[in-house]
Every structure is written in C-alpha cells, then in structure tokens.
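Working notes, structure below.
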Amino acid sequence: MKKRTTFYTSPIGLALLSFFLLFLTQPSPAALAQPGKITIVDYYADWCGPCRQIAPMLQRLARSDHAIALRRINIVSFNSAIARRANIHSIPLILIYDRNGRLVGKVDGANPNQVMNYVALAKKRG
C-alpha cells in the first residue's frame with residue numbers, strides 16, 4: 001500500500017507552511033510601538049559598523065528619558081523574514097513613533113541628530 005502524501009506533509013508544503021507561519025508571526029513595525037511612550041525601533045545587525053556606532057546613543061537616550069521605549073531588532077541578514085516583512089534594504093534603520101503609535105520619522109543610517117529631531121517632534125505631538 002502506497003503512503004498518501006498530502007500538501008501539508010510533503011516537503012514543499014511543510015517548507016511553505018513554515019515560511020508563512022514565521023512571516024505572519026513577525027510583528028509589523030507599528031505593532032512594536034509602546035502605547036503612551038515615544039518608541040524608537042532600531043533595526044540593526046551585529047555585523048553592521050554604523051549600527052554598533054549609534055546603539056550606545058539610543059540606549060543612553062532610552063535610559064535617561066522614561067518617556068522613551070527602545071525596541072532593538074536584529075535582522076541578522078537582509079534575507080531574513082524580519083527584514084523582508086519590514087521591507088528593510090539598509091541598516092541601521094530607525095523608526096520613531098509618537099505616544100499614539102503614529103510614525104513620526106524614519107532615519108536611514110547612523111544619524112543621531114536626525115533621531116533627536118524626530119524624538120523632539122514626537123514629544124511636541126503629545
């Protein structure tokens with residue numbers, strides 16, 4: 001008797017199912033915003049020099065200002081599900097959300113002044 005293979009038990013079906021489960025369970029950038037706080041979402045990779053350069057500044061900012069929440073997400077590589085879901089093509093990529101979860105600004109690269117400008121704008125929005 002021949003064993004019956006269904007789509008979900010075939011190697012291709014299992015691979016597709018795994019991909020879709022991983023893809024669907026990754027949070028969207030806006031879902032990472034912490035309600036009531038200004039949220040900085042930092043997409044980085046351990047191997048990225050500019051990412052390592054700006055990380056201490058972001059961490060100091062979050063520690064010194066309790067109105068700021070920092071979310072750091074290691075994309076590992078540009079081929080990862082996280083990078084594809086967030087449509088990341090360069091890092092560091094830093095997104096700043098206001099207290100209501102609305103995107104205030106997007107910073108491509110290690111630009112501390114631009115981050116500070118968007119944080120100040122987020123604070124003005126209330």
Unmet requirement for Val107, which otherwise passes all of (1) of a type in the set (A, V, I, L, M, F, W, C); (2) outside any helix (DSSP H, G or I); (3) within 11 Å of the chain's Cα centre (by Cα): (3)
Could you grab the pairs with beta carbons closer than 9 Å, sequence gap of 6+ or different chains, first residue in the stretch 86-98 and more than 20 Å from Gln34 (Cα to Cα) and hydroxyl-bearing (Ser, Thr, Tyr), second one at pLDDT 95 or above and surrounded by fewer than 20 Cβ atoms within 10 Å (Cβ to Cβ)? Ser90/Asp108; Ser90/Gly109
Restricting the first residue to the stretch 35-46 and requiring it to be buried (at least 23 other Cβ atoms within 10 Å of the Cβ), which pairs with a second residue that is among the acidic types (Asp, Glu) and in a loop (DSSP other than H, G, I, E, B) meet a Cβ separation below 9 Å and a spacing of at least six or different chains? Ile38/Asp65; Ile38/Asp98; Thr39/Asp98
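Residues checked against (1) in contact with a strand residue (DSSP E or B) (Cβ under 7 Å, 6 or more places away or on another chain); (2) under 16 Å from Asn111 (Cα atoms); (3) modelled with pLDDT under 95:
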residue	(1), (2), (3)
Pro50	no, yes, no
Pro56	no, yes, no
Arg60	no, yes, no
Ser64	no, no, no
His89	no, no, yes
Leu93	yes, yes, no
So which residues in the stretch 70-104 are basic (Lys, Arg) and outside any strand (DSSP E or B)? Arg84, Arg85, Arg99, Arg102
Taking interchain pairs and intrachain pairs at least six residues apart, which have beta carbon atoms under 9 angstrom, with the first residue in the stretch 58-73 and surrounded by 17 or more Cβ atoms within 10 Å (Cβ to Cβ) and the second among the basic types (Lys, Arg)? Leu58/Arg72; Ile68/Lys37; Ala69/Lys37; Leu70/Arg63
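Filtering the stretch 95-110 down to residues that are exposed (fewer than 15 other Cβ atoms within 10 Å of the Cβ) and in contact with a strand residue (DSSP E or B) (Cβ under 9 Å, 6 or more places away or on another chain), which residue is nearest to Cys51 (Cα to Cα)?
Filtering first and then ranking leaves Gly109.
The values are calculated or read from the model by the stated rules, or taken from the named source; none is laboratory data. Since this is a predicted model, take the numbers as computed values, not measurements. Don't worry about glycine lacking a Cβ; one is built from the backbone with ideal geometry, like all the others, and counts go over all protein chains shown.
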